[in-house]
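Heads up: the structure comes next, in structure tokens.
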2 protein chains.
Amino acid sequence: MSTPSENSATLTKRLIDSGLRPTAQREVVFKVILEKRDHPTADEIFARVKSQMPTISLATVYNCLETLVQCQLIRQVNLERAPTRYCPNLHQHAHFHDETTGQIHDIDLPIELMAQLHDVLPAGFNASSVELTFRGDAAGTAQPTVPADCAPTLNNPHGTN
Amino acid sequence: MSTPSENSATLTKRLIDSGLRPTAQREVVFKVILEKRDHPTADEIFARVKSQMPTISLATVYNCLETLVQCQLIRQVNLERAPTRYCPNLHQHAHFHDETTGQIHDIDLPIELMAQLHDVLPAGFNASSVELTFRGDAAGTAQPTVPADCAPTLNNPHGTN
DNA sequence: AAAAGAGTTTAGAATTATTCTAAATCCTTG
DNA sequence: CAAGGATTTAGAATAATTCTAAACTCTTTT
Ligand SMILES: [Mn+2]
Ligand SMILES: [Mn+2]
Ligand SMILES: [Zn+2]
Ligand SMILES: [Zn+2]
């Protein structure tokens, strides 16, 4: 469940459902984020996209990214004050920032832990989102930083494979 | 444990221990952060400090803040891509960002939860720090956003009161 | 005490990720 | 086809932070 053409169909449907148009720029930006398993910055995405669509502008990349985030097709990740990164993994997960390599790894979060996180909130605090980030060293991890099958499809909106 | 003169003594010792000088600017920046229970930005700190020391510059405020963070007398807090905020609470805690008011609240984290957080890390991942941030609405919380007694003293370095 | 030296402060310039602007282009619809 | 809204684009603008280099302060050495 997540061939390129399925992802493209997902994108098209999400955009149309939001009253937006499935443009070539939005397609290629989304594709480029899905095809490499990392957490690229807007600049990196711009570079990757330019090889397939040399006329695209950086402003458009920013516009597309904002759209994709709003359509919940990718996630925005901010670490420290570094440039914003974008994550194709829509599963609930934490981020591990390897200070040695600079890489960002996805860490799966058990549902039970999420519940416990919400339990630390005093009465009256209603959280709509939680963000968990680790910083440190990841010994011998040449592994991909984002799991292979991470983007939900329209028929599988919660990503349960 | 944390009268103004005790905090000042703590600052002086920490600075000298790091080979740095206890300057009037560092004193006043630290004092201003401790005396109001919130998470001010550099600009807000600059404004508060200027009323006591009208000649101080914004660059110096940034310099002092960096020094205080390095001496572990305050914490840096980054939310989204908004200006960096500074937190006088050195206890292990999470942040709750109230999207309605913009306020940031400190959330105490039980030690047991911290252990569980580290347990989600696969073998090889060695975290030196964890950051937990909630976003949502805090109903009827006119409470202070930082607990009253939050800065450890030299005689009480782990903040156990 | 004077001189030297290291550390600090300061104003203003520089940096840089991101957003804004306004014109050109593209699509969809009547 | 014509009109209209949506989108893209290049370049300007923004804004938090960092940098630079000169002035200043405090401590140490002579
Ligand atoms: Mn999946
Ligand atoms: Mn305390
Ligand atoms: Zn991720
Ligand atoms: Zn705090």
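The residues packed around A:Ser128, meaning those with a beta-carbon under 15 Å from its beta-carbon, carry a net charge of -3 if Lys and Arg are +1 and Asp and Glu are -1.
In this assembly, the B-A interface accounts for approximately 2900 Å² of buried accessible surface in total, computed with a 1.4 Å probe and without ligands, DNA or RNA.
FRET efficiency for the B:Glu6 to B:Ala139 pair, using the beta carbon distance and R₀ = 41 Å, is estimated at 0.70.
Beta bridges from DSSP with both residues in the stretch B:91-147: antiparallel share about 55 percent, rounded to the nearest 5. What is the pair-distance distribution P(r) of chain B, computed from all Cα-Cα distances in 5 Å bins starting at 0, with each bin given as a whole percent? Reading upward from the zero bin: 1, 8, 17, 19, 20, 16, 11, 6, 2, 0, 0. Counting 0.36 nm for each residue step from B:Leu20 to B:Gln70 and taking away their Cα separation leaves a gain of 16.9 nm.
Taking only alpha carbon atoms, the stretch B:91-147 gives an Rg to Rh ratio of 1.07, where Rh is the Kirkwood radius.
Looking at chain A, send over the antiparallel percent of its DSSP beta bridges, to the nearest 5.
Antiparallel: roughly 70 percent of the beta bridges in chain A.
Counting only residues at least eight positions apart within a chain, or on another chain, the lysines with an alpha carbon under 28 Å from that of B:Lys31 are B:Lys13, B:Lys50. So, with a 1.4 angstrom probe, what is the percent of accessible area on the stretch A:91-147 that is carbon and sulfur? Heavy-atom surface of the stretch A:91-147 belonging to carbon and sulfur, 1.4 Å probe: 50 percent.
Expected output is a single nm value to one decimal: the length gained when fully extending between B:Ser57 and B:Ala115, i.e. 0.36 nm times separation in residues minus the C-alpha distance. What is it? Spell out each step's value before the answer.
Working: separation 58, 0.36 × 58 = 20.88 nm, distance 4.23 nm.
That pair, B:Ser57 and B:Ala115, stretches by 16.6 nm at full extension.
Charged neighbours of B:Ser2, selected by a Cβ distance under 13 Å, balance to -1 (K, R count +1; D, E count -1).
Per residue, the stretch A:9-161 exposes an accessible area of 50 Å² to a 1.4 Å probe, with every protein chain left in place.
The values are calculated or read from the model by the stated rules, or taken from the named source; none is laboratory data. This structure is a prediction, so every number in the text was calculated from the model and none was measured. Every residue, glycine as well, gets a Cβ built from its backbone with ideal geometry; the counts of neighbours run over all protein chains shown. Only protein heavy atoms, including side chains, enter the accessible area calculation; ligands, DNA and RNA are left aside. Shrake-Rupley method; radii C 1.70, N 1.55, O 1.52, S 1.80 Å.
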